[in-house]
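Asks: I am attaching a structure below and will ask some questions about it afterwards.
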Amino acid sequence: MGNDAGASPPLRLSNRAARRLFLDRHGLGRAPPGEDLAGLIGRLGFVQVDSIATVERAHHMILASRRRSYRPRQLDTLLERRRALFEHWTHDAAVIPMAFYPHWRLRFRRDAEMLRARWKKWRRAGFEDRFDEVLARIREGGPVMAREFGGDRKRTEAGWWDWHPSKTALEYLWRTGALAIARREGFQKVFDLAERVVPEPVLNDMPGEEETLDWACRGALDRLGFATPREIASFWDTASLAEARAWCAAQEAGALVEVEVEGARPGRTRRLFARPDICGQAERAPEPPGGVRVLSPFDPLLRDRKRAEWLFGFRYRIEIFVPEDKREYGYYVFPLLEGDRLIGRIDMKRTEGRLCVRAFWPERGVRPGKGRMARIGRELDRIARFAGCDGAVFENGWIREART
């Protein structure tokens, strides 16, 4: 790094200050005055999309945990009517501010080569031969879903559904920028030509590779607050680790500093890159609301599991693909945030118009006292209303013993 940050002792952030800053950067502090939904998503950078809806789909849960007035139709309006967002990939499928679309051109180019080689092995051969046919059909007939092309589906030995060649062609053309998602119907993607979906000024913006890499690394660090080059690279999953390291090294003197950040376990610190005013940023970050909030398993706060465990002392794993008899908690368990602390996890599911709460495991050292349980109850009532349930029902013995 050009500023020779190692020549003097690094700045230091306490764990409490680091958690407060991290929560604020992830939209879980107090909302800035006048910030609308598009502004929130821009501040987050992206919101992961997932189809599982034990209560409500992940992207809706993520936004509802930050805006108590949020309703799914608001996201549909931004995506389908205002075209303020587009859907593509970061580390996974996500909705992303449309203003960022030009920087996805680098992703399109890099994915084209990677997916062509990978999908020849993972998917059925012949999908490349369908490109012209698929594009001509959409150009002449309008938006399509994969099921409109027909074709058989088979389960692979790994248990995944195999795609017919036209489905693979659609996905490839979307991932590489020729197509875009116009909308979803029953969570099925509806594909159209990119020029019919992406506003013309955005479509015609052509940043170079160096500009995009600088944008990606700056944007990642600003949203993380403090990070290693690996964490910077993995945020958007666009820059490589080598490119993120090179970006950090190339910053002018004073643009980056090293900061020693305290983890959840006393005495455990990490040296990370940050902006020089990181301590002032942490001081200015507002205290998070004191109530309890249910988080999605795909919440941005938990996307980097190792970082969340180090910063909050909260180990979380999704057990969807773990055999039932080997699960530690459950199929799809929601973390609970109280203030700046992750206090436990809860197993619940929308069933026959009710929110069925099966179990709550408090973290070690978290007492399920009367006040805390009242706060949890209010949040579960809110989630039930958000999910369109008549109310929450609780199984016998739903409060379980804390686990180490």
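Asks: So which of 324, 363 is in contact with a Leu (Cβ under 8 Å, 6 or more places away or on another chain), acidic (Asp, Glu) and without any contact (Cβ under 8 Å) to a residue 60 or more places away in the chain? Walk me through it before giving the result.
Replies: On the way: 324 fails: in contact with a Leu (Cβ under 8 Å, 6 or more places away or on another chain).
The match here is 363.
Asks: For residues in segment 333-361 being outside any loop (DSSP other than H, G, I, E, B) and open to solvent by 30 Å² or more (accessible area, probe 1.4 Å), which is nearest to residue 289 (Cα to Cα)? Explain how you work it out, then say what you get.
Replies: In the first step, residues of segment 333-361 are kept if they are outside any loop (DSSP other than H, G, I, E, B); the result is 333-338, 341-351, 354-361.
Those still in the list that are open to solvent by 30 Å² or more (accessible area, probe 1.4 Å) too: 341, 349-351, 354, 358.
Values: 341: 11, 349: 25, 350: 26, 351: 30, 354: 27, 358: 26 Å.
If we take residues in segment 333-361 being outside any loop (DSSP other than H, G, I, E, B) and open to solvent by 30 Å² or more (accessible area, probe 1.4 Å), then 341 is nearest to residue 289 (Cα to Cα).
Asks: If I ask for residues that are out of contact with any Leu (no Cβ under 7 Å at 6 or more places or on another chain) and open to solvent by 10 Å² or more (accessible area, probe 1.4 Å), which ones from segment 228-251 would you list? Talk me through it step by step, then tell me what you get.
Replies: Of the residues in segment 228-251, the ones out of contact with any Leu (no Cβ under 7 Å at 6 or more places or on another chain) are 234, 236-237, 240-242, 244-246, 249-251.
Residues satisfying the conditions are 234, 237, 240, 241, 242, 245, 246, 249, 250, 251.
Asks: Checking the condition assigned to a loop (DSSP other than H, G, I, E, B), over 19 Å from the mean Cα position of the chain (by Cα) and crowded, with 20+ Cβ neighbours inside 10 Å, which residue from 254, 330 passes?
Replies: Numbers: 254 fails: crowded, with 20+ Cβ neighbours inside 10 Å.
Matching residue, one of 254, 330: 330.
Asks: Now for a separate question. How about segment 200-227: which of its residues are open to solvent by 30 Å² or more (accessible area, probe 1.4 Å), outside any helix (DSSP H, G or I) and free of Cβ contacts under 8 Å to residues at least 60 places away in the same chain?
Replies: 204, 208 - these are the residues of segment 200-227 that are open to solvent by 30 Å² or more (accessible area, probe 1.4 Å), outside any helix (DSSP H, G or I) and free of Cβ contacts under 8 Å to residues at least 60 places away in the same chain.
Asks: When residue 115 is evaluated against the numbered criteria (1) aliphatic (A, V, I, L, M); (2) without any contact (Cβ under 8 Å) to a residue 40 or more places away in the chain; (3) over 20 Å from residue 300 (Cβ atoms); (4) in contact with a Lys or Arg (Cβ under 8 Å, 6 or more places away or on another chain), which criterion, by number, is the only one it fails?
Replies: (2)
Asks: Now for a separate question. Residue 83: surrounded by 18 or more Cβ atoms within 10 Å (Cβ to Cβ), touching a residue at least 24 places away in the same chain (Cβ under 8 Å) and in contact with a Pro (Cβ under 8 Å, 6 or more places away or on another chain), yes or no? Don't jump to the end; show me each part of the working.
Replies: On the way: surrounded by 18 or more Cβ atoms within 10 Å (Cβ to Cβ): no; touching a residue at least 24 places away in the same chain (Cβ under 8 Å): yes; in contact with a Pro (Cβ under 8 Å, 6 or more places away or on another chain): yes.
When the stated conditions are applied, residue 83 does not pass them.
Asks: Can you find, within segment 292-315, the residue that is farthest from the chain's Cα centre (by Cα) among those that are open to solvent by less than 10 Å² (accessible area, probe 1.4 Å) and without any contact (Cβ under 8 Å) to a residue 40 or more places away in the chain?
Replies: 308
Asks: Name the pairs whose Cβ atoms lie under 7 Å apart, with the first residue in segment 13-29 and within 13 Å of residue 337 (Cβ to Cβ) and of a type in the set (Lys, Arg), the second outside any loop (DSSP other than H, G, I, E, B) and open to solvent by less than 10 Å² (accessible area, probe 1.4 Å), and 6 or more positions between them or separate chains?
Replies: Correct list of pairs: 19/311; 20/282.
Asks: Pairs please, first residue from segment 327-338 and over 21 Å from residue 64 (Cβ atoms) and touching a residue at least 60 places away in the same chain (Cβ under 8 Å), second anywhere and surrounded by fewer than 23 Cβ atoms within 10 Å (Cβ to Cβ) and small (Gly, Ala, Ser), Cβ atoms under 9 Å, 6+ apart in sequence or on different chains.
Replies: Between residues of segment 327-338 that are over 21 Å from residue 64 (Cβ atoms) and touching a residue at least 60 places away in the same chain (Cβ under 8 Å) and residues that are surrounded by fewer than 23 Cβ atoms within 10 Å (Cβ to Cβ) and small (Gly, Ala, Ser), there is no close pair.
Asks: In segment 277-291, which residue that is outside any loop (DSSP other than H, G, I, E, B) and either small (Gly, Ala, Ser) or free of Cβ contacts under 8 Å to residues at least 60 places away in the same chain (or both) is least open to solvent (accessible area, probe 1.4 Å)? Please lay out each step first, then the result.
Replies: At the first step, the residues of segment 277-291 found to be outside any loop (DSSP other than H, G, I, E, B) are 278-284.
Checking which are either small (Gly, Ala, Ser) or free of Cβ contacts under 8 Å to residues at least 60 places away in the same chain (or both) leaves us with 280, 282, 284.
Working: 280: 21, 282: 2, 284: 160 Å².
So, considering only residues that are outside any loop (DSSP other than H, G, I, E, B) and either small (Gly, Ala, Ser) or free of Cβ contacts under 8 Å to residues at least 60 places away in the same chain (or both), the one least open to solvent (accessible area, probe 1.4 Å) is 282.
Asks: Which is farther than 30 Å from residue 351 by Cβ, assigned to a loop (DSSP other than H, G, I, E, B) and not polar (S, T, N, Q), of 91, 103?
Replies: Details: 103 fails: assigned to a loop (DSSP other than H, G, I, E, B).
Every option except 91 fails the conditions.
Asks: What number of residues within segment 39-53 satisfy the criterion of being open to solvent by 20 Å² or more (accessible area, probe 1.4 Å) and either within 11 Å of the chain's Cα centre (by Cα) or at pLDDT below 95 (or both)?
Replies: Residues meeting the conditions: 4.
Asks: Quick one: which residue in 18, 31 is assigned to a loop (DSSP other than H, G, I, E, B) and over 30 Å from residue 111 (Cβ atoms)? Walk me through how you get there before you give the answer.
Replies: Working: 18 fails: assigned to a loop (DSSP other than H, G, I, E, B).
After applying the criteria, what remains is 31.
Asks: Of all residues in segment 374-404, which are assigned to a helix (DSSP H, G or I) and in contact (Cβ under 8 Å) with a residue 24 or more places away in the chain? Before the answer, list the steps.
Replies: The first filter runs over segment 374-404 and keeps only residues assigned to a helix (DSSP H, G or I), leaving 374-386.
Once the filter is applied, which keeps residues that are assigned to a helix (DSSP H, G or I) and in contact (Cβ under 8 Å) with a residue 24 or more places away in the chain, segment 374-404 yields 375, 376, 378, 379, 380, 382, 383, 384, 386.
Asks: Quick one: residue 364 ticks every box in (1) modelled with pLDDT under 95; (2) over 17 Å from residue 314 (Cβ atoms); (3) open to solvent by 40 Å² or more (accessible area, probe 1.4 Å) except a single one, so which number is it?
Replies: In the conditions (1) modelled with pLDDT under 95; (2) over 17 Å from residue 314 (Cβ atoms); (3) open to solvent by 40 Å² or more (accessible area, probe 1.4 Å), residue 364 misses (2) alone.
Asks: Which pairs do you get when a residue that is in contact (Cβ under 8 Å) with a residue 40 or more places away in the chain and open to solvent by less than 10 Å² (accessible area, probe 1.4 Å), found in segment 161-185, comes within reach of a residue that is of a type outside the set (A, V, I, L, M, F, W, C) and in a helix (DSSP H, G or I), reach meaning Cβ atoms under 7 angstrom, with the pair 6+ apart or on two chains?
Replies: 169/130
Asks: State yes or no: is residue 273 modelled with pLDDT of 95 or more, over 30 Å from residue 57 (Cα atoms) and hydrophobic (A, V, I, L, M, F, W, C)?
Replies: On the way: modelled with pLDDT of 95 or more: yes; over 30 Å from residue 57 (Cα atoms): yes; hydrophobic (A, V, I, L, M, F, W, C): yes.
Here the answer is yes, as residue 273 does meet what is asked.
The values are calculated or read from the model by the stated rules, or taken from the named source; none is laboratory data. Computed from a prediction, not measured in an experiment: that's the story for all the values here. Note: ideal-geometry Cβ built from the backbone for every residue, glycine included; neighbour counts use all protein chains shown. Areas reflect the complete protein model, heavy atoms only, side chains present, ligands, DNA and RNA absent. Shrake-Rupley method; radii C 1.70, N 1.55, O 1.52, S 1.80 Å.
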